[in-house]
C-alpha cells in the first residue's frame, strides 16, 4: 500500500521512522545492559544466594569501572526463587520478557535451574549457573544449548567423591544418603556410575526429604547393610541433621559430602561433629595466597561492610563462581559485540584467556563443553572454627 | 529401629498434639481458631533465640519472656483479627488469622534473618543410649511435657470454676453474659493460652531442629489436621490424634522411606475422617432449634 501514498506523505513517513529509530538507539545507548539473577534469597539457603549476589555485585562494579560492556554499564536485576522451581520459572520469564535481561544467572538449587534451562533454550537467552551442580543443567540434550556453568558438575564431583573415599578412607562398601529431589537423583546416577567404574558395591541408597529432622531410620539401614563410608548429598540444613542423627547413633563412619554444608552455618547447626564431614569445593579463601584472592577479599570487605572475617564469606564457592561467571559473561557480550541471545551464546565460545579468581581460564567454553570448571579445580574441605578450610590444613 | 520410631513418633506427635490443643482451646470457647498457630511456634523459638542467644540473657528469663510474647500475640490476634469479624457475624476471621500468620512469618524473616540458627540446649547435646538407640534427653522430655499439659488443660476444663466458665461461654455466650461472666475476657484468655501452648512447642522442638522463619509453618498445618482428626472439641482426642499422627509418620518414614510419608499419612487421615467424620473422639454438633 505504501507505494500508492503521495510522495510527500511517504517522505514524512520515512523521516518520522528514521527519527524514531534514532531516538530508540539513543535511548538504548543510555540504557544499561541488564543481567538477571534467579536464586534463593530467603529460606534455608539464603546465605548462598547472598554469596552469589555479592560475587556478581563485585564483578559488575569492576566491569563498570572499566567502562562496562559495549560502552554501556552492567546492571544486576535479582529475583528470589525461594528454592521453588515454579517461582524460579516465573521469575526467569519476567526477567527475560519484561525486564529484557541479556542473560540469566542461576542459583543454588538444581531443581530450579533444571526448570529454567528449557525456557532459556527456547527463548534463546544464555543461562549461566554459578552454583547448582546437576549434570543435566548444562548437559541438557537440547540441540540449541544456551546453558553454561562456572561451577562443579555432579557427574565429575561424584567421580571425585568416590576417588577421595577410596584414597582417604580405603572405602570398600560405601552407602549413599541423598536428598530426595532432582539434585539427589543427579548424584545417585553419578555415584552409581562412579562406583561401578571403581568396581565397588554400594551398601545401600537412602533418601530423605529436605525438611526431615530425624535421619536415624535411613542411616540405621545403611549401618545394617555394612556401609564403611557415607556419601552425603543435601543442602546445609538437612546435612546438619544427618550429622546429628549419626551422633545420636554413635556411628563414627567417615562422611564424604557434596558441597551442601558450604551453604550456611553448618558447624553451628551440626555441632562439634561438623568437622568430620569432608566436602568438595571449587574455591576457598582460607589459605589461598594468590594475589587475586587477596584483592577480591579486600574489595568484598570494602563493598560489603557486613563481611568482617573469613566466616562471613563461608560459601566462598558462591562468591567465586559468580564472580568469575559474571566476568566471563561480560567477555562473551563484548566478544559478541551485541546483546542478542544467539550472538552472546556464540560469544562464550570466543572467550580466550581470562585470569579469574578460581583459575586462569583458557578457552573455557566450546560448543561441546559448557562447563568452565572440572575435576582439577576441585578441592576437599571441612569446617574449622566457622571457616571452610582445605582438609590438608 | 522400633525404639527410634517410638521416640521420634511420640516426640513429634506430642508436639503436634500440643499445637492442636491450642486449636481446641479457642474452638471450645469461641468456635473460632487461630490459623496463625504455626507462626506462633516460630515466634516462641525465635524470641527465645533472640533474648537468650543474641542478647545473652539467662535462658530461664528468655523462655518466660518468649512465652509472654506468644501470649501477647494471641491477645492481639483475638482483638484485631477475630473479634471484629465475629461481632459482625462474618467468617472472615478465617482469612484474617491466616494473614496474621503470614505477616508474622515475614516479620520474623525480616528481623531474625533468613538463615537458620541453632538454639543450644543442655538437653540436646549428649545423646543417651536407650534400648540400642541414642536419643537426646529432650526427646524424652517433649512427650512428657506435651502429655502433662494436655492432662492439665483437660482437668482445668472439667474440674475447676475457670473450666466451668469456659464451658459456659462455649455452650451459650449470651446466657453466660447474663450470669455475669465476662465473655470477651474469657475468649481473649483462651487465645492467649492457645498461643502459649504453641510457643511451648516451639521452644521444645527448636533445639532438635534449627531456628528459622519457617520452623512452625508445617507444624501449624499438621497440627490443624491433627485437631480435626482428633475431633476438635475433645482435648483427649486431639492429643491422641497427635501421638497417632507422629507414630504413623515416623513408622512410614522408617519402613517405606520418607518419599511415602505425606502420601500415606494424609491418605490415612482421609480414611479416618471418612469413617469418623467428627474425628476420633469428636461428637457431631447438635443444633438445638
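In degrees, nearest 10, range 0 to 90: what is the angle between the Cα axis of helix A:316-336 and the longest Cα principal axis of chain A?
So the inclination is approximately 30 degrees.
Over the alpha-carbon set of region B:20-97, divide Rg by the Kirkwood Rh and report the Rg/Rh ratio to two decimals.
1.08
Could you please rank B:270, A:116, B:142, placing first whichever residue has the fewest other Cβ atoms within 10 Å of its Cβ?
So the ranking, lowest neighbour count to highest, is B:270, B:142, A:116.
Take residue A:273 and residue B:268, extend 7 Å from each Cα along the Cα→Cβ direction, and tell me the distance between the two endpoints in nm.
Taking the simple label geometry, residue A:273 and residue B:268 are separated by 2.7 nm.
For region A:320-393, what is the Kirkwood estimate of the hydrodynamic radius, computed as the reciprocal of the mean inverse distance between distinct Cα atoms, to one decimal in Å?
Hydrodynamic radius (Kirkwood, Cα pairs) of region A:320-393 is 13.8 Å.
At 7 Å along the Cα-to-beta-carbon direction for both residue A:172 and residue A:340, put a label point, then send me their distance in nm to one decimal.
6.3 nm
Pairing the Cα long axis of helix B:161-171 with the longest principal axis of chain B, what angle in degrees results, from 0 to 90 and rounded to the nearest 10?
Here the helix axis deviates by roughly 70 degrees.
Is there a simple number for the mean count of other chain Cβ atoms within 10 Å of the Cβ of residues in B:112-122, and what is it?
Going residue by residue through B:112-122 and averaging, the value is 5.
Compute from the Cα atoms of region B:31-151 the Rg and the Dmax, the latter being the longest Cα-Cα distance, and quote both in angstrom.
Taking only Cα atoms of region B:31-151, I get Rg and Dmax of 17.6, 58 Å.
Label residue A:97 and residue B:99 with points 7 Å out from Cα along Cα→Cβ: what is the distance between them in nm?
2.9 nm
Region A:175-189 to region A:96-162: how many Å between their Cα centroids?
Going from one Cα centre to the other spans 18 Å.
Would you mind ranking A:292, A:303 by Cβ crowding within 10 Å, fewest neighbours first?
A:303, A:292
Which number do you get for Rg(Cα) / (2.2 N^0.38 Å) in region A:130-190?
Against the empirical 2.2 N^0.38 Å value, I get 1.28 for region A:130-190.
By what distance, in whole Å, do the Cα atoms of the protein assembly as shown stretch along each of the three principal axes, largest value first?
Principal extents (largest minus smallest coordinate, Cα): 91, 80, 48 Å.
For chain B, just run the numbers: alpha carbon Rg, then divide by 2.2 N^0.38 Å, N being how many residues it has.
Rg over 2.2 N^0.38 Å, computed on Cα atoms: 1.00.
Could you please rank B:117, A:345, placing first whichever residue has the fewest other Cβ atoms within 10 Å of its Cβ?
Ranking B:117, A:345 by Cβ neighbours within 10 Å, fewest first, gives B:117, A:345.
Which values, in whole Å and largest first, are the semi-axes of the equivalent ellipsoid of region A:36-117 obtained as the square root of 5 times each eigenvalue of the Cα gyration tensor?
Here the semi-axes work out to 23, 15, 8 Å.
For chain A, divide the Cα radius of gyration by the Kirkwood radius and give the resulting Rg/Rh value with two decimals.
My calculation of the ratio gives 1.06.
Efficiency by 1/(1 + (r/R0)^6): what FRET value for residue A:252 and residue B:184, r their Cβ-Cβ distance, R0 = 60 Å, to the nearest 0.05?
The calculated FRET efficiency here is 0.50.
If you project the alpha carbons of region A:155-281 onto their three principal axes, what span does each projection cover, largest first, in Å?
36, 27, 25
Using a Gaussian network for chain A with springs between C-alpha atoms less than 10 Å apart, which of these wobbles most: A:341, A:134, A:374?
Highest fluctuation among the options: A:374.
Provide, for q = 0.18 Å⁻¹, the log10 of I(q)/I(0) from a solvent-free Debye sum over equal Cα point scatterers in region A:262-314.
One equal scatterer on each Cα of region A:262-314 leads to -0.71.
Ratio to report: Rg/Rh of region B:165-289, with Cα atoms as the point set and Rh obtained by the Kirkwood method; give two decimals.
1.06
For region B:88-233, what's the radius of gyration and Dmax over Cα atoms, in angstrom?
Every Cα atom of region B:88-233 included, Rg and Dmax give 19.0, 60 Å.
Can you tell me what the convex hull of the Cα atoms of region B:143-210 projects to on average, as an area in nm²?
Directional mean of the projected Cα hull area for region B:143-210 stands at 5.2 nm².
Equivalent-ellipsoid semi-axes (√(5λ), Cα gyration tensor) for region A:261-367, whole Å, largest first?
Semi-axes from the Cα gyration tensor: 32, 16, 13 Å.
Hey, what angle do you get for helix A:7-30 against the long axis of chain A, alpha-carbon based, 0 to 90 degrees rounded to 10?
30 degrees
Every read-out reported here was derived from the displayed coordinates using simple, explicitly stated rules and does not represent laboratory data. As the structure is a computational prediction, the values presented were derived from the model and not from experiment. Please note: Cβ atoms are built from the backbone with ideal geometry, for glycine as well, and neighbour counts cover all protein chains shown.
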